[in-house]
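Below is one structure, written out as C-alpha cells; the observations come after it.
Taken together, the values in this text are just the output of simple stated rules run on the coordinates, not laboratory data. Predicted model only: the values in this text are computed from it and were never measured. Here the Cβ is made from the backbone with ideal geometry for all residues, glycine too, and neighbour counts use every protein chain on show.
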C-alpha cells in the first residue's frame, strides 16, 4: 500500500530562503506525539547546503571553500570496511545464532584511572542539607543530594523564602579540572538558547534554565526537575519492552526534540534512552531531552551556514548508539543525530534483539554491524518495527553531511506508519500512572555501556569507559525495586 506520508521533498520542493526567520510562528517541530506539525518554510530542507554553490571567492576565502569541499567529501564518503572481509560472528538480529560473549580484557591503566576518578568523587566535599547558595538573581537552599558525577554533583534545591516551595535541580561542576572535560558551560549555552526560543512549541521538550552562578569552589546551573529516563522506565517501571504504541510515541517526541535542538544550531551527539526523561505529575506524558555536555555547534555564528567539518575527530559518545561517522573519526552532522535516533528506537522496541551489536565490546566490529544494519542484512531487527519504517532508515542513510533533514517528512512518516499499522498514537503510554510512584533517580552507571565526557565547542576529548552491562528484568520483584532506588544519577533530570 502506498504510504500516506509525503514523498522526500529534496528534489521537488520549491526553493526557499537559505536562512530561517529568527522569530515568529514556526511549524510545530517541538510538538508532542499528539500534535501535527504544520508545514512551512522554516522546516523545509534548505536549498543552500550542497546543491547551490556561491560565487567562488579568491585568496584565503577560496582556500576555506576548498577545505570545506574536501572535508564534506570525506564526511559523505562511505566508510571503509576492512573488517568486513574477515568472517564475523553472527549477531542476534541476523536470524542466526549470535556470537558468544567475548571475555572482557582487563586494562590495568583504565582500571587505575577509573578507581582514581571514583576516589575523587568520594573525597570531594559535598554540600549539606540546608546549605545556602547565592547567585546574582536568587538565594537557593539545598534540600538533599541527588547524585554525583566525575566533576560535580546534583542537588534538589528550593528558592529561599519562596512561598510555593517549588523544587528545582541544581547541577554543580568543580572549578578545578581539565577544561576540555568540563561540560556545564556548554549545557548553560544550549539550555539558554532553547529556553529563549519564542515559539513555545519549539521549547516544550527542553527544561527551562532558571539560574546560573559561581562560588569559590564550583559553578552551577539551576533547572527544572524531571522524572525517570526512558531507559529506567523500561527496565524498572514497565519491566518489559515498550508496546508498539508507546515506542512510536516516544520515537515521535524524541525526533521532534532533535529537530528543535538542530534549529538553534547545535548537535547533541549522544542520543540514547538515558538522555531522555519524562516530566513529573501531569507532565509524565512529555519527554524531555537531557545532557548537552558533548553537544557541538554546527553552524557559523548566528547564520544557518554549516561549519567547515574537521578532517579528523576523536570518538566521542556511546559505543552502542554512536553513528558510523563517529566510529570512523569523521565530523558529525545532523544526519548523525538521526542515525543514533534510529538505533535508539530499535533498542526501545526490543531490548534484546533491537541492536545486534549490543553485547559486542569491540568498536571495529560494532561499526561493521552498523553498516550491515543499514544494508538490511539483519532480518530479525526489521521485524521489530513496521515494515514501512525502512523508508526512514533509507532516508537518513542517504543524507549528506551538510544536508538539512526534512523533519516534517520524518514526523509525518511516523504518523503515517502508525496509521497504516493500526498503532494507536493516542493510547496511554506504558508508564503513565506508574512512573513517579517511587520517585527515585535511576542508576545511570548501570544502564550505560559507555560513559562520555563533556567538551567545549573547540575541542573534543575521548575518555569513554565501558560501564556495567545489565539485562532487562522481566519481573517486578524486589530486585527491580532495589535497582530503581540505588546508586547516583549524573544527569540533571532526576525525580523528586
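Some notes on this structure:
- Among 412, 268, 262, a tally of other beta-carbon atoms within 10 Å of each Cβ gives an order, fewest to most, of 412, 262, 268.
- Note on residue 175/residue 112: beta-carbon distance plugged into 1/(1 + (r/R0)^6) with R0 of 25 Å gives a FRET efficiency of 0.50.
- Mean sequence separation of contacting Cα pairs (under 8 Å, at least six apart), scaled by the length of region 122-223, corresponds to a relative contact order of 22 percent.
- From the alpha carbon centroid of region 198-269 to that of region 346-423 is 21 Å.
- Region 292-362, relative contact order [Cα under 8 Å, separation at least 6], %: 21 percent
- The equivalent ellipsoid of region 122-223 has semi-axes of 22, 19, 11 Å, largest first, where each one is the square root of 5 times an eigenvalue of the Cα gyration tensor.
- Modelled label positions at residue 283 and residue 394, each set 7 Å beyond Cα in the direction of Cβ, lie 4.0 nm from each other.
- If the chain linking residue 160 and residue 128 were pulled fully straight, counting 0.36 nm for each residue of separation and taking away their Cα-Cα distance, it would gain 10.0 nm.
- Exposure proxy order (Cβ contacts within 10 Å, fewest to most) of 400, 148, 413, 364: 364, 400, 148, 413
- The distance between label points at residue 387 and residue 217 comes to 6.2 nm (points 7 Å beyond Cα on the Cα→Cβ vector).
- Packing rank of 246-258, 206-218, 323-335, where each peptide gets the mean count of other beta carbons within 10 Å, highest leading: 246-258, 323-335, 206-218
- With each label modelled as a point 7 angstrom along the Cα→C-beta vector, the residue 144-residue 311 pair spans 5.5 nm.
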